[in-house]
Structures are given as C-alpha cells and as structure tokens.
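See below for the structure under consideration.
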Amino acid sequence: RVLAGRALDLSGRHVVVSAGGTREAIDPVRFIGNRSSGLQGYALARTAAARGARVTLVAANVALPDPAGVTVVGVESALQLREAVLEAAAGADAVVMAAAVADFRPAARSESKIKKTAAEPEAIHLVKNPDILAELGERRREGGKPCPAVIVGFAAETDDVLANGRAKLARKGCDLLVVNQVGENLAFGTPDNAAVVLAADGEPVEIPRGPKEELADVVWDLVAARLP
Ligand code: CTP
Ligand code: CA
C-alpha cells in the first residue's frame, strides 16, 4: 500500500463520520451509556481530512480534541445523533457510522433526580431507539431524496463473527460493514484494532491488528473505490 497514492483522493468529497457512544438520560444526573471512546471514529475523520475530504464528525460524548479542519457536531443521545447524521448525510458522498448507538432508551426521563427511598427502586422501562444506519439504507432504497453513495456500518461481534456480520450487513442495507474483533486489548478504548470488512458487492477484506489510523485508511480505500 502506497500512502502517497492516496493523497487527496477524497478531495471534493463530503463525508460524515459518527463517533463515540450515545447516552440515554434516566434523570438530570444519570444515563445509560457504553464504553465507546470515539478513537476509531476520530481516526476515520482525521484520515479522511488528510485525504482531502470535507468532513462532518458527529461526536457523541467523546473526550478527545477536535481534529483540525473537521466540522464537529456534538450530540448526546441516539435521537440527537440521528438528527445530526441525517441532516449532514443529505448532501454527503459517504457516511460511516462508527458510533456506538444505544439500542434502547428510558421511556421517560425523570425531570427531577430520582431519590433513594426505603422501598426497592422502580424498574427503568426501556423503549427502542431508531436504527439510524438501517434508516439511511432504507432512504436510499426508496430513492427520491439525495443520499450518500456509500454507507458504512461498524459492528462488534462475538460467537460466529462472520455469519452475524453477513446477516447484519444485509439487514442494514449498507455497502460495507466493518466487523471488529472483540478481544484482549482490542476495540474499546485502545489505539489498536483488527477487523474484517464485509462488502455487499464483493469478498471480505481482512485488516490485521494495527493502529486505528491504518484501519481507517483501508476503510477509505474501500469507500473511494465505490464512489461514482
Ligand atoms: N446503529 C445505528 N442505530 C442504532 C444502532 C446501531 O445506526 N440504533 C449502527 C451502529 O452505528 C453501527 C451499526 O449500526 O454502525 C451496527 O450496530 P450494532 O449495534 O452492531 O447493530 P444492531 O443492529 O444494534 O445489532 P445488535 O443486536 O447486535 O446490537
Ligand atoms: Ca446495537
């Protein structure tokens, strides 16, 4: 792989990257969250900008400095992330959903802090969040509105990783699904990652363990090859 060959191959393109993990409020001080650090999404945003793209980074609860030359939109919940991603995606060439979006949120957010009482606590009733990636795929299938040419999802799988990944790729209607290997010092909060990229139109591409920038560059190679 020749890095120089990639230089500015995304210039004139607008890409949207989501990063981090959503927080679903229980009350004014508590939330349901996840362990996503945002490192992989930020690496994707940085590498796309380095290759000449205009980048909108929708960041959910990330404690990282804004990458230079990137438009950062901060969000907290899955519903806010959905709004921001759908708005930015309307005019974009590609969307990469690296954010860990909560599948569920509390049905109601308590306006006041929930107090401890002598009784056992109430259960927190959950409802499903919208599936943003699937929605992007659906919109594109339906046609009509301007839609990104390339849609990329991320997934962390255990058990039958490839079979689960294949099923998810089909279900979401995306073009590429980056399936992370969850394991020792991989994925969450670490600088390294390893993955298999499944494609709707071709063979899987294995990305060996390495820095998240390297994985990001391979993802952009695969995206660039699919841009009209
Ligand atoms: N995703 C999304 N909206 C959601 C949940 C997930 O856009 N409400 C996106 C993620 O950003 C990721 C991809 O979908 O790019 C796969 O997320 P994952 O949690 O693996 O998929 P789910 O369909 O939620 O399946 P699972 O039951 O395995 O969690
Ligand atoms: Ca999920």
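The values are calculated or read from the model by the stated rules, or taken from the named source; none is laboratory data. None of these values were measured; they are calculated from a predicted model. A quick note on method: Cβ atoms are made from the backbone with ideal geometry, for glycine too, and the neighbour counts reach across all protein chains shown. Heads up: the accessible areas ignore ligands, DNA and RNA and are worked out on the full protein's heavy atoms, side chains in. Shrake-Rupley method; radii C 1.70, N 1.55, O 1.52, S 1.80 Å.
Condition check ((1) part of a loop (DSSP other than H, G, I, E, B); (2) in contact with a Ser or Thr (Cβ under 6 Å, 6 or more places away or on another chain); (3) of a type in the set (Ser, Thr, Tyr)) across all residues:
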residue	(1), (2), (3)
Asn34	yes, no, no
Tyr42	no, no, yes
Thr47	no, no, yes
Ala59	no, no, no
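Considering only residues that are among the small types (Gly, Ala, Ser) and touching a residue at least 24 places away in the same chain (Cβ under 8 Å), which ones fall in region 123-145?
Within region 123-145, Ala134, Gly137 meet the criteria.
Against the definition (more than 16 Å from ligand 2 (Cβ to nearest atom) and open to solvent by 30 Å² or more (accessible area, probe 1.4 Å)), how does Ala45 come out, yes or no?
no
Looking at region 147-174, which of its residues are out of contact with any strand residue (DSSP E or B) (no Cβ under 8 Å at 6 or more places or on another chain) and within 10 Å of Leu133 (Cβ to Cβ)?
Arg171, the sole residue that qualifies.
Looking at region 61-95 only, could you name the residues that are farther than 29 Å from Pro106 by Cβ and in a loop (DSSP other than H, G, I, E, B)? So that I can check it myself, show each step before the final result.
Let us first name the residues in region 61-95 that are farther than 29 Å from Pro106 by Cβ, namely 65-71, 90-94.
Selection gives Pro65, Asp66, Pro67, Ala68, Gly69, Val70, Ala90, Gly91, Ala92, Asp93.
Cβ-Cβ under 6 Å, sequence separation 6+ or interchain: first residue in region 201-219 and over 21 Å from Leu162 (Cβ atoms), partner surrounded by 16 or more Cβ atoms within 10 Å (Cβ to Cβ) and among the aromatic types (Phe, Trp, Tyr). Which pairs?
From region 201-219, no pairs qualify.
Counting only residues that are acidic (Asp, Glu) and open to solvent by 90 Å² or more (accessible area, probe 1.4 Å), which one in region 117-152 is farthest from Leu169 (Cα to Cα)?
Filtering region 117-152 for residues that are acidic (Asp, Glu) and open to solvent by 90 Å² or more (accessible area, probe 1.4 Å), the one farthest from Leu169 (Cα to Cα) comes out as Glu120.
Keeping to region 1-57, report how many residues are within 30 Å of Ser112 (Cβ to Cβ) and not basic (Lys, Arg).
14
Let me confirm something: among Ala155, Ala225, Ala216, Ala195, which residue is surrounded by fewer than 18 Cβ atoms within 10 Å (Cβ to Cβ) and at negative phi? If you could, list the steps in order and put the result at the bottom.
Working: Ala155 fails: surrounded by fewer than 18 Cβ atoms within 10 Å (Cβ to Cβ); Ala216 fails: surrounded by fewer than 18 Cβ atoms within 10 Å (Cβ to Cβ); Ala195 fails: surrounded by fewer than 18 Cβ atoms within 10 Å (Cβ to Cβ).
Being surrounded by fewer than 18 Cβ atoms within 10 Å (Cβ to Cβ) and at negative phi holds for just one of Ala155, Ala225, Ala216, Ala195, which is Ala225.
I'm trying to understand the selection: among the residues of region 207-225, which are under 19 Å from the mean Cα position of the chain (by Cα) and among the charged types (D, E, K, R)?
Scanning region 207-225 gives Lys212, Glu213, Glu214, Asp217, Asp221.
Among (1) out of contact with any helix residue (DSSP H, G or I) (no Cβ under 9 Å at 6 or more places or on another chain); (2) surrounded by 15 or more Cβ atoms within 10 Å (Cβ to Cβ); (3) within 26 Å of Ala225 (Cβ to Cβ), there is one condition Gln80 misses while meeting the rest; what is its number?
(3)
Looking only at region 98-116, which residues are assigned to a loop (DSSP other than H, G, I, E, B), more than 12 Å from ligand 2 (Cβ to nearest atom) and open to solvent by less than 90 Å² (accessible area, probe 1.4 Å)?
Narrowing region 98-116 to residues assigned to a loop (DSSP other than H, G, I, E, B): 98-99, 101-103, 107-116.
Filter once more, keeping what is more than 12 Å from ligand 2 (Cβ to nearest atom): 98, 107-116.
Matches in region 98-116: Ala98, Ala107, Ala108, Ser110, Ser112, Ile114.
Please work out if Arg105 is closer than 30 Å to His14 by Cα, within 16 Å of ligand 1 (Cβ to nearest atom) and touching a residue at least 12 places away in the same chain (Cβ under 8 Å).
no
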